[in-house]
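Reviewing the structure listed below.
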Amino acid sequence: MTTGVSIVGSGHTQFGRLQENLEELIVAATREAVEDSGIDPNDIDAVFLGHFNSGMVTDGFASSLIHQAYPQLRFKPGMRAENACASGSAAIHAGMNMIRAGQARTVLVVGAEKMTSRNTKEVTQALAGAGYQNDPAEASLSFPQVFGVAARDYDARYGSPLDAMAKIAVKNHANAMSNPLAHMHKEFTFEHCSTVSEMNPEIAPPLRLTDCSLVTDGAAALILTTDENAAHFPKSVAMRAAEHVNDFLPMSRRDFLAFEGPERAFAQAFKAANVTLEDIDFAEVHDCFTIAELLTYEAMGLAPKGQGARALEDGTVYRGGALPVNLSGGLKAKGHPVGATGVSMHALAFRQLTNQAGDLQVPGAELGLLFNMGGSAVANYVSVLEARKV
């Protein structure tokens with residue numbers, strides 16, 4: 001049970017408030033992935049870039065910035081993929097589809113975003129463009145406000161999620177302490193995350209600052225190739241499943257709390273990979289806001305609807321638990337350079353499954369689960385990655 005595509009190399013810049021511009025980030029991640037795989041750049045058939053932008057930088061035609069990494073990439077087909085905060089996964093799927101169509105054997109996928117060249121207000125406005133614009137009520141909402149609505153609705157339907165959200169923030173910041181590539185290396189207490197204060201103000205009630213992911217620069221890259229060709233590389237990880245589900249853009253047309261798009265994507269991925277949740281060794285999920293990670297527990301089947309907090313209370317999602325979630329620190333602490341996020345998840349999972357994760361390593365990890373989301377659960381990508389059997 002496989003897609004026929006494997007990952008054979010990864011690159012990943014530091015995430016954070018960086019001096020490098022978009023081109024420099026793309027080139028750095030590209031070169032690391034090529035060197036990691038050992039591939040000759042001549043043998044790369046095409047390149048794909050995941051990049052949201054929305055005015056955050058002036059580079060409106062960025063796909064060929066990848067070609068700057070090596071002269072051998074000149075004349076290789078290049079394309080940018082955009083699907084809001086799931087742009088990185090969209091680029092991965094575009095590369096996979098070219099391989100599966102027989103038009104390429106090996107492709108390079110890069111995800112990148114330069115966000116800190118704009119101030120927080122400008123970034124918030126740029127990201128808001130991924131919401132539904134033809135309804136004045138929805139168009140007026142920033143994404144913190146969108147997920148603030150989700151937290152309020154969760155409270156009304158099931159009871160307050162705020163303590164669970166604070167625990168998620170504490171967990172992910174603690175995990176990031178072991179990730180040298182993470183944007184923020186700072187642990188927080190439950191008391192700090194659960195209390196509104198001058199240091200932890202409400203951003204979009206009831207969301208507090210500690211419930212929100214970071215405005216981050218960074219890039220990540222992957223070398224994808226056919227399963228057959230992957231046997232010639234020193235390291236490889238099979239893409240056992242890669243599923244993509246899009247839902248309606250207007251929130252008024254769906255029950256946001258039901259998280260039906262993510263739920264369908266998880267179900268399809270488990271079926272395609274012929275696995276159950278109990279088979280998975282670790283997961284990286286899209287915690288753009290802590291309420292999103294809580295809803296994801298329920299969408300993947302860790303807990304019934306309205307009871308996602310159980311996955312925290314019983315220790316399941318913590319390091320050393322049955323299914324550790326966001327060992328990297330997640331978007332919450334690793335950072336969320338939106339076009340890079342999906343590629344970053346796959347790059348770090350590749351390192352887990354090839355025993356290269358350092359202090360993040362899950363001993364004996366064989367199966368990883370990844371969930372990358374665009375917008376308010378509109379674009380939903382779920383992958384299951386498998387360590388190559390030797």
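When each of the peptides 21-32, 342-353, 228-239 is scored by the mean number of other C-beta atoms lying within 10 Å of its residues, the order from highest to lowest reads 342-353, 21-32, 228-239.
About the Cα centre of the stretch 1-120, what is the dipole size in debye to 20, counting +1 per Lys and Arg Cβ and -1 per Asp and Glu Cβ, all else neutral? Kindly include the intermediate steps, with their values, before the conclusion.
Working: 9 positive and 12 negative charges, 57 e Å.
That gives a dipole near 280 debye.
All other residues with a Cβ under 10 Å from the Cβ of Glu20 taken together, and with Lys, Arg as +1 and Asp, Glu as -1, what is their net charge? Local charge sum for Glu20: -2.
Take the chain, connect every pair of alpha-carbon atoms lying under 10 Å apart with a spring to form a Gaussian network, then pick out the residue of Ala333, Ala90, Ala269 with the largest mean-square fluctuation. Greatest mean-square fluctuation among the candidates belongs to Ala269.
Taking the longest Cα principal axis of the chain as reference, the axis of helix 341-353 is set at about 70 degrees. Figure note: Thr106, Thr276 ranked by solvent-accessible area, largest first, 1.4 Å probe, ligands and nucleic acids not counted: Thr276, Thr106.
Too long at a 31 Å Cα-Cα cut-off: which of Lys305/Lys389; Lys121/Lys235; Lys186/Lys235; Lys121/Lys167; Lys114/Lys389; Lys121/Lys271? Exceeds cut-off: Lys305/Lys389; Lys121/Lys235; Lys186/Lys235; Lys114/Lys389; Lys121/Lys271.
The charge dipole of the stretch 158-294, taken about the Cα centre with unit charges on the Cβ atoms of Lys, Arg (+1) and Asp, Glu (-1), comes to about 140 debye, rounded to the nearest 20.
Under the convention that each Lys and Arg Cβ holds +1 and each Asp and Glu Cβ holds -1, the size of the dipole of the chain around its Cα centre is about 320 debye. Working from the Cα coordinates of the chain, the gyration tensor eigenvalues give, after taking √(5λ), semi-axes of 31, 23, 19 Å in decreasing order. With contributions of -39500 (n - 2.57) from each DSSP H run of at least four residues, the per-residue ellipticity at 222 nm computed over the chain stands at -9500 deg cm²/dmol. Note on the chain: dipole from Cβ charges, positive end direction compared against Cys212, Leu295, Thr106; the farthest Cα belongs to Thr106. Ellipsoid fit via the Cα gyration tensor, the stretch 200-343: semi-axes of 27, 20, 17 Å, each the root of five times an eigenvalue, largest first. Write down the percent of antiparallel bridges among all DSSP beta bridges whose residues are both part of the chain, to the nearest 5. Of the beta bridges lying entirely in the chain, close to 75 percent run antiparallel.
The values are calculated or read from the model by the stated rules, or taken from the named source; none is laboratory data. Only a predicted model underlies this, so the values are computations on that prediction, with no experimental measurement involved. We place every Cβ from the backbone using ideal geometry, glycine too, and count neighbours over all the protein chains shown. Heavy atoms of the whole protein, side chains included, go into the accessibility calculation; ligands, DNA and RNA do not. Shrake-Rupley method; radii C 1.70, N 1.55, O 1.52, S 1.80 Å.
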